[in-house]
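Working notes for the structure below.
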Amino acid sequence: MSTLREAIKEKQRIVVKIGSSSLQHAQTGDLDYIRLEKLVRELCDIRNQGKDVILVTSGAIACGRKAVGIREITGENKEQQMAVKQACAAIGQARLMMTYQKIFAEYNQVAAQILMTKNTIADDLNRFNAHNTFSQLLQMGVIPIVNENDTVATYEIEIGDNDTLSAIVAALVDADLLILLSDIDGLYTDDPHRNPDAKFIPQVDGLTEELLAMGKDSTGSDVGTGGMNTKLQAARIATGSGVDMVIANSGDIGVLHRILDGKEEGTLFVAHTDDGFDLAQFVNQLHRQ
Ligand code: GLU
C-alpha cells in the first residue's frame, strides 16, 4: 500500500459526489433504489466512524422529468426550455430529498439540504454564511446534501455541473478528501469506450497541460453534465485548495469504504496547495471565458 493511500485512512472530512447517471436505471430513467440505499448506508457508516460527511448529489432535473413524463427538455425558445428545466428541478429536488431523507432516517441519521449557485461563493457575505452553515451542520453530526439550485440558476449564475460544485464545496469546508463517484474507473490516457489501448492512470501528482488536454467530453450518458473535463477542473480546484481527490466507479458503492481503508481504487489526484488559488475569484470567472 502506498503511503499516500495509507494516509487516506486518517482523512476526517469527506465530500462524496454522485452523478445522475449513477443514480438512475439507464433503461427507464427511474431511481436505482438499491444503489441509493447502499450509498446512504456507506455514508452513515463513515459518519459512524466519527468522520464528517457531505454528499453532493445530482438527479433533481432527471427526477423531475421522470415525475411529469418529460423525455426531452423542449420549448419554442431558450427561455421556455429554461423554464421547463427549472420547473423539473423544482419538482425533482423535493422528490430526491424525500427519498434520501427516508433512507437516512432508517439509519437514524439526520440529513440537511443545501442548494447553491455561483453567487453563494462569489459573494463574500453569502460565502461566509454558507461556510458557517456547513460548519454548524457538521458539528451537529448532520450530513449535508448539496446540489446546485437549478430552480433559479441560469447561465449567468450557475456553476453548471456537480463535479465542479463538489470541488468548490470541498474547498469551502476545508475537506480532506473529495470522492467523485462516476461511471468510469478513473482517469485513462484516452477514452476507454473508444480506444481499447487507453491506459488507466492510478495516481496524478500534478495537473500538467498534457493531462488537462486528455479530458474529453464524454460520460457515455445523456443525463449528467459532467465529462472528464469537468472532473479535471474539479481536480484543479480540489488539489489547488489542498484537498486530495479520488475518481472511482459507482458500479460498486462499496468502493467508498475501500478507498477510506487505503486501498488502491480509482485515480488519486494528490493535493498540492497552491497559495495563488483564490476560490471566489475562480468561481467568479466561470463561464466568462
Ligand atoms: N444539478 C443537476 C441536477 O441535479 C445536475 C448537474 C450534474 O449532473 O452535473 O439535476
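Could you list, in sequence order, the residues of region 105-133 that are under 21 Å from Gly160 (Cβ atoms) and hydrophobic (A, V, I, L, M, F, W, C)?
Result: Ile114, Leu115, Met116, Ile121, Ala122, Ala130.
Here is a yes/no grid of residues against (1) open to solvent by less than 70 Å² (accessible area, probe 1.4 Å); (2) more than 20 Å from Ala175 (Cα to Cα); (3) at pLDDT below 95; (4) touching a His at 6+ places or on another chain (Cβ under 8 Å):
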site: Ala90; (1), (2), (3), (4): yes, yes, no, no
site: Met98; (1), (2), (3), (4): no, yes, no, no
site: Glu106; (1), (2), (3), (4): no, yes, no, no
site: Ala130; (1), (2), (3), (4): yes, no, no, no
site: Gln136; (1), (2), (3), (4): no, no, no, no
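Would it be correct to say that Ile253 is assigned to a loop (DSSP other than H, G, I, E, B), open to solvent by less than 50 Å² (accessible area, probe 1.4 Å) and either at pLDDT 95 or above or within 22 Å of Thr57 (Cβ to Cβ) (or both)?
So Ile253 fits the description; yes.
Identify the single condition in (1) over 22 Å from Val169 (Cα atoms); (2) in contact with a helix residue (DSSP H, G or I) (Cβ under 9 Å, 6 or more places away or on another chain); (3) open to solvent by less than 60 Å² (accessible area, probe 1.4 Å) that Ala83 does not satisfy, given that it satisfies every other one.
(2)
Just checking, does region 52-59 include any residue being among the acidic types (Asp, Glu) and either touching a Pro at 6+ places or on another chain (Cβ under 7 Å) or in a strand (DSSP E or B) (or both)?
Checking region 52-59: at least one residue is among the acidic types (Asp, Glu) and either touching a Pro at 6+ places or on another chain (Cβ under 7 Å) or in a strand (DSSP E or B) (or both).
Return yes when Ile201 is more than 18 Å from the chain's Cα centre (by Cα) and of a type in the set (A, V, I, L, M) and no when it is not.
yes
Quick grid of which residues meet (1) crowded, with 22+ Cβ neighbours inside 10 Å; (2) modelled with pLDDT under 90; (3) not basic (Lys, Arg):
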site	(1), (2), (3)
Ile143	yes, no, yes
Glu158	no, yes, yes
Ser166	yes, no, yes
Ala171	yes, no, yes
Asp174	no, no, yes
Leu178	yes, no, yes
Ser182	yes, no, yes
Asn195	no, yes, yes
Phe200	no, no, yes
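Among the candidates Val68, Val40, Val110, which residue alone is touching a helix residue (DSSP H, G or I) at 6+ places or on another chain (Cβ under 7 Å), touching a residue at least 12 places away in the same chain (Cβ under 8 Å) and surrounded by fewer than 14 Cβ atoms within 10 Å (Cβ to Cβ)?
From the options Val68, Val40, Val110, the qualifying one is Val68.
So, in region 117-171, of the ones that are among the acidic types (Asp, Glu) and within 20 Å of Ala238 (Cβ to Cβ), which residue ends up farthest from the ligand (Cβ to nearest atom)?
That would be Glu158.
The values are calculated or read from the model by the stated rules, or taken from the named source; none is laboratory data. Predicted model, so just to flag it, every value in this text is computed and none were measured. Glycine gets a Cβ as well: all are built from the backbone with ideal geometry, and neighbour counts include every protein chain shown. Calculation scope for accessible area: heavy atoms of the full protein, side chains included, ligands and nucleic acids excluded. Shrake-Rupley method; radii C 1.70, N 1.55, O 1.52, S 1.80 Å.
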